[in-house]
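Engineer: Pasting a structure here, questions to come.
The values are calculated or read from the model by the stated rules, or taken from the named source; none is laboratory data. Since the structure is predicted, the reported quantities are computational estimates derived from the model, not experimental observations. Because the Cβ atoms are built from the backbone with ideal geometry, glycine has one as well, and the counts that use them run over all protein chains shown. For accessibility, only protein heavy atoms count, side chains too; no ligands or nucleic acids. Shrake-Rupley method; radii C 1.70, N 1.55, O 1.52, S 1.80 Å.
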Amino acid sequence: MVDDRAVARDASAAGISLRTGCFCNPGAGEAAFELTRGQLRDAWRTLSRERRHGAATVEDYLSLVGMPTGGAVRVSLGVASTLDDVDALLDFAERTYRDRRPDLTGLAPRHGC
């Protein structure tokens with residue numbers, strides 16, 4: 001699992017255009033990571049208490065439910081795309097993320113989707 005914000009940063013530095021961000025369908029991430037209603041309920045109760053004492057971020061929620069990331073990476077191909085474009089993306093992903101974790105320092109916290 002790679003944080004979508006790191007992918008956005010690294011892809012931009014490599015000259016690759018793609019989309020990243022929150023899951024488009026509310027609950028998609030929770031379903032993908034097989035979270036239970038109990039886990040979600042407990043997390044929301046904890047966040048509700050924390051909000052009384054200051055702002056809670058999406059990072060707080062992700063940490064409470066144990067999700068490694070809260071977003072997705074989307075790559076679109078179109079009429080102008082070539083096989084070289086696909087190869088460049090796959091080479092980038094393998095070179096950048098295979099058997100390693102990216103540096104997450106400096107990534108801005110998510111305050112919402």
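Engineer: With a 1.4 Å probe and all protein chains left in place, how much of the accessible area of the chain comes from carbon and sulfur atoms, in whole percent?
Structural biologist: 52 percent
Engineer: Additional query: Report the one residue of Leu89, Thr57, Cys113 whose Cα lies farthest in the direction of the positive end of the charge dipole of segment 57-113 (charges on C-beta: Lys and Arg +1, Asp and Glu -1; origin at the Cα centre).
Structural biologist: In segment 57-113, that residue is Thr57.
Engineer: Identify, among Gly27, Ser12, Pro102, the residue whose Cα sits farthest towards the positive end of the charge dipole of the chain, taking +1 on the Cβ of Lys and Arg and -1 on the Cβ of Asp and Glu, with the dipole about the Cα centre.
Structural biologist: About the Cα centre, the residue reaching furthest to the positive side is Gly27.
Engineer: Then there is this: So with the 1.4 Å probe, I'd like the accessible area per residue for the chain, rounded to whole Å².
Structural biologist: With all protein chains present, the chain gives 70 Å² per residue.
Engineer: Can you tell me the orientation of helix 4-13 relative to the chain, as the angle in degrees between its alpha-carbon axis and the longest Cα principal axis, to the nearest 10?
Structural biologist: 30 degrees
Engineer: Let me ask something else about it. Give the span of the chain's Cα atoms along each principal axis, as three whole-Å numbers ordered largest to smallest.
Structural biologist: Result for the chain: principal-axis Cα extents of 51, 27, 25 Å.
Engineer: Moving on to the next point. What are the extents of the Cα atoms of segment 1-66 along their three principal axes, in Å, largest first?
Structural biologist: 42, 28, 18
Engineer: Dipole magnitude of the chain about its Cα centre, charges +1 at Lys/Arg Cβ and -1 at Asp/Glu Cβ only, in debye to the nearest 20?
Structural biologist: It works out to roughly 660 debye.
Engineer: Keeping all protein chains in position, work out how much accessible area Asp103 exposes to a 1.4 Å probe, and write it in Å² to the nearest 10.
Structural biologist: Its heavy atoms expose roughly 90 Å² to the probe.
Engineer: Kindly provide the trypsin sites (Lys or Arg not before Pro) of segment 1-76 that DSSP labels as loop, not H, G, I, E or B, and whose Cβ sees at most 15 other Cβ atoms within 10 Å.
Structural biologist: Arg52
Engineer: Hey, another quick one. Relative contact order of the chain, please, whole-number percent, based on alpha carbon pairs below 8 angstrom and at least 6 residues apart.
Structural biologist: Here the relative contact order equals 43 percent.
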